[in-house]
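Worksheet for the structure shown next.
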Amino acid sequence: LGPYLDRPLAQLSGGFQRRVSLAAALLAEPEVLLLDEPTVGLDPLAAREVRGYLRDVLGGRTVLLCTHNLAEAEDLCQNVVIIRKGEVLLHENIESLRHRFPVRVHLEARQGGQALAAGLQDLGLKAEVENGGCWLTMSPRQYQSADAGTVPNPQAEIPGLLRRLLGAGLDIYECRVAEASLEDLFVEIVEGGAR
């Protein structure tokens, strides 16, 4: 903001007005900070810059970030409160929230998606064929973890699954765990009701 110190706020662009508001809020070094859509109206580069700055200054403070930008919330926050029609549907740590929902794993084999789906079916697993590969959904109810209750645990389960598929003659060349984004979780909660 240095080059703009002599300009009245009304003469600054919307993005710079947002930055001035944020700077004014942080100037007093508050212990509690309320941020309402801090990057709305900013171009992608300015929004990235503001998020980086926020990451640097949020430590050690209690911050309530109100936003519809779930990628931004996921980037900046540890906990989430989901409100719909004035009712709190959920208040939880984002990581623990992820553990309550299925994990999707994408697999590809040289033999193609249909052969891979058949191999998975032979192991008692159902997969969706898509673009030559398969998506396997690991339900939280399938796997037990002593430290976190019932959670999908791809790191523990996938190596054994891959060994069995390779042993069955399938040439697996890709295995990728697709962790649910906060947007995915939000949609699941709002459409399915709080769990």
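The table below gives the values:
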quantity	calculated
Percent carbon-and-sulfur accessible area, the chain, ignoring ligands, DNA and RNA, probe 1.4 Å	50 percent
Tail fraction, Cα-Cα pairs, the stretch 78-137, threshold 18 Å, whole percent	52 percent
Charge sum, other residues only, whose C-beta stays under 12 Å from VAL81's C-beta, Lys/Arg counted +1 and Asp/Glu -1	-1
Rounded to the nearest 20 debye, dipole of the chain from Cβ charges on Lys, Arg, Asp, Glu	200 debye
Taking the stretch 1-100 and dividing mean pair separation by its residue count, relative contact order in percent (alpha carbons under 8 Å, at least six apart)	20 percent
Solvent-accessible area per residue for the chain (1.4 angstrom probe, square angstrom)	63 Å²
Label zone at GLU49 (point 7 Å along Cα-to-Cβ), backbone N below 15 Å, the stretch 1-25	1-5, 12-23
Dipole-positive endmost among ALA24, GLY167, LEU182 within the chain (Cβ charges, Cα centre)	GLY167
Nearest 10 degrees, 0 to 90: helix 14-27 Cα axis against the chain principal axis	80 degrees
Crossing angle, helix 182-192 versus the chain [Cα axis fit, 0-90 degrees, rounded to tens]	70 degrees
Over the chain, relative contact order from alpha-carbon pairs under 8 Å, at least 6 apart, %	18 percent
Computed [θ] at 222 nm, deg cm²/dmol, the chain (DSSP H ≥ 4; -39,500 (n - 2.57); rounded to nearest 500)	-12000 deg cm²/dmol
Highest-first arrangement of 35-44, 81-90, where packing means the average Cβ count within 10 Å	35-44, 81-90
Cut-off 12 Å between beta-carbons: net charge of the residues surrounding LEU9, Lys and Arg +1, Asp and Glu -1	+2
Top positive-direction residue, dipole computed over the chain with Cβ charges, set PRO154, ALA73, LEU42	PRO154
Gyration tensor verdict on the stretch 1-59 (Cα atoms; rounded if a/c is under 1.5, prolate if a/b is larger than b/c, oblate otherwise)	oblate
Between 0 and 90°, nearest 10: helix 113-122 axis offset from the chain longest Cα axis	70 degrees
Kirkwood-Stokes translational diffusion coefficient of the chain, alpha-carbon pairs, 20 °C, 1.002 mPa s, µm²/s	106 µm²/s
Radius 11 Å from Cβ of ASN69, net charge of other residues (Lys, Arg +1; Asp, Glu -1)	-4
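The values are calculated or read from the model by the stated rules, or taken from the named source; none is laboratory data. As the structure is a prediction and not an experimental result, all values here were calculated from the model. Using ideal geometry, Cβ is built from the backbone for each residue, glycine included, and neighbour counts are taken over all protein chains shown. Just the protein is used for accessible areas: all its heavy atoms, side chains included, with ligands, DNA and RNA removed. Shrake-Rupley method; radii C 1.70, N 1.55, O 1.52, S 1.80 Å.
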